Amino acid sequence: MKLFFNRFFILMKRSLKQPVNLVMLLVLLLLAIIYRSIPASEKSMYIPVAILCEDEDPRMKESVGEMTKMNSIFHFYTVQSEEELYQEISSRNANTGILIPKGFLAQESNSSFDKKVLLYTTPSSLLTTMIQDSLFSHIFRLKAIDFIHEYISGSQLYQDLDMSKVLKQTDTLYTQVRNSSEIFRLEDSSGGVYNEITREDKLDIPVRKLAGLFILTAGLLGISTYLRDSEERLYLRMRGMERYSVQLLHIVSCILPMALISWPVIWITEGGNGLYLLGRVAVYTLICVTYAFILSLIIRKSTIYQKVLPVLLVLAILLGGVIFDLTDSSTGFFRILSMCMPVYYF
């Protein structure tokens, strides 16, 4: 056991002297310092909502126009076709999409309301209930008086009265009640900029993905040092489990320092539950160790490995989302391929 730990600490000390490992450790520490040094900027939170209004009723078009001019957390804007609406949602330019069908406003209260307003959302859509409430309030302003007129016109109570005068008086009373200060309503804020809901924006750095890439890279470099040592006959007398343990020590001694630095760096930049994050880093480190160990059993020549290593690193960068993620806008092939890289699971 003493020999095991001696080997481990010697290999770890050796790995920390490698320029590549030192650079990766310094980059993570530098990112944490930069993140803490730059103050968060407070910005108003806007949620874009795309509207396609196919209803040709002038009142509906006017109401949609009012919504686009609202000074609120929701930024309503119009699109010209269903294809454009779907594109805005799929590209995440719009948080939510609204489709108002043709003839919607003309439907009577006793109809089956076959023409319904459609709300398109994604798993990342925010405050959809409030968006529905805002839309409903505008539709209610237009449609409520129509429902009242339909009720009065069809009621036996007002048959002996002048219907035009009754409806005119109803309109006056309805307007008074609707505009009353005693009625609760969601008001648009006044002023040039909506600032009722704000968020803190920090520098967007893919620290987690970068740390994941560095942990994987350290493990792959551990294989490289093992293969070189093995070809120099340093482990010629070792057999069976002893040789496998040295193989594993090479990988762990390179990965462990990177994992230990990555945990506080990710915690500083992302926050959250420290223990949960520690567990996640530990599981990912175990995945990388297993991945590297299996790879070292398959490739036993350093000359071959030196040719494979750049390919593995490029795939990890492209499929792991460090710079950009091919899986976001690609076929299922890239997604399946990315699942073969440990960075995908971090």
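The values are calculated or read from the model by the stated rules, or taken from the named source; none is laboratory data. These numbers come from a predicted model, not from an experiment. All Cβ positions, even for glycine, are placed from backbone atoms using ideal geometry, and neighbour counts span all protein chains on display. In case anyone asks, the SASA skips ligands and DNA or RNA and just uses the protein heavy atoms, side chains included. Shrake-Rupley method; radii C 1.70, N 1.55, O 1.52, S 1.80 Å.
Tabulated values for the structure
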{"item": "Accessible-area composition of the stretch 197-287, carbon plus sulfur, in percent [1.4 Å probe]", "result": "63"}
{"item": "Label-point gap, in nm, between Phe140 and Asp162 - each point 7 angstrom along Cα→Cβ", "result": "3.3"}
{"item": "Pairs beyond 30 Å (Cα-Cα), from Lys13/Lys301; Lys61/Lys168; Lys116/Lys165; Lys102/Lys168; Lys102/Lys165; Lys69/Lys143", "result": "Lys116/Lys165; Lys102/Lys165"}
{"item": "Area of Val246 that stays accessible when all protein chains are in place (1.4 Å probe, Å², to 10)", "result": "10"}
{"item": "Accessible area expressed per residue, the stretch 80-146, with surrounding protein chains retained (probe 1.4 Å, Å²)", "result": "59"}
{"item": "Largest-first ordering by accessible area, 1.4 Å probe, given options Ser37, Ser224", "result": "Ser37, Ser224"}
{"item": "Label-point separation in nm, Asn6 to Ser91, each point 7 Å along Cα→Cβ", "result": "6.5"}
{"item": "Solvent exposure ordering (accessible area, 1.4 Å, most first) of His75, His138", "result": "His75, His138"}
{"item": "Cβ-Cβ FRET estimate between Glu150 and Lys61, R0 fixed at 22 Å, reported to 0.05", "result": "0.50"}
